[in-house]
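This report concerns only the one structure given below.
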Amino acid sequence: QVQLVESGGGLVQPGGSLTLSCAAAGSIFSTLHMGWYRQAPGKQRDLVADITSGGITNYADSVKGRFTISRDNAKNAMWLQMNSLKPEDTAVYYCRGTRFRYDYWGQGTQVTVSS
């Protein structure tokens, strides 16, 4: 069993930056494919970025060049550095870990981009 806990959300002005953290409790974090997802009100939950256990990254087109995903397997942690934030980035952000039949989600953290 793996527990994922997000932190770092908040209110930020357009053009600002935030870093989200995902802390994992459990011994298999290093083997998990990890990702950040977001869900805005009334919309589906979409992939923002993901990272393999070996560090290969992938980004949604809407965040390429602005967001950076990273992980440290020794610390059981993952991060999402978000720069040049836009109002359309407003959403609840979730971290997710998957491996074979295992599928773990955090509880989410709210990011609001507004002036």
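The values are calculated or read from the model by the stated rules, or taken from the named source; none is laboratory data. Nothing here was measured: the structure is a model prediction, and the numbers come from that model. All Cβ positions, even for glycine, are placed from backbone atoms using ideal geometry, and neighbour counts span all protein chains on display. All accessible areas refer to the heavy atoms of the entire protein, side chains included, with ligands and DNA or RNA removed. Shrake-Rupley method; radii C 1.70, N 1.55, O 1.52, S 1.80 Å.
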What is the local net charge at Arg45, summed over the other residues whose Cβ is closer than 14 Å to its Cβ (Lys, Arg +1; Asp, Glu -1)? -1
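Ignoring ligands, DNA and RNA, what percent of the 1.4 Å accessible area of the chain is carbon and sulfur?
Details: 2880 of 6010 Å².
Solvent-exposed carbon and sulfur of the chain make up 48 percent of the total.
Placing unit charges on C-beta atoms (Lys and Arg positive, Asp and Glu negative, everything else neutral), compute the dipole magnitude of the chain about its Cα centre in debye, rounded to 20. It would help to have the intermediate numbers written out before the result.
On the way: 11 positive and 8 negative charges, 24 e Å.
Here the size comes out at about 120 debye.
Under a 1.4 angstrom probe, counting protein chains only, how are Ile51, Ile56 ranked by accessible area, largest first?
Numbers: Ile51 5, Ile56 120 Å².
Order by accessible area, largest first: Ile56, Ile51.
Would you list Lys43, Lys64 from the most to the least accessible area, probe 1.4 Å?
On the way: Lys43 135, Lys64 115 Å².
Largest accessible area first, the list is Lys43, Lys64.
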Please give every one of the lysines within straight-line cross-link reach of Lys64, meaning a C-alpha to C-alpha distance under 20 Å, and leave out same-chain neighbours fewer than 8 residues apart. Lys86
For the chain, convex hull volume per residue from C-alpha positions, Å³: 93
Antiparallel %, DSSP beta bridges [both residues in the chain], to 5: 95
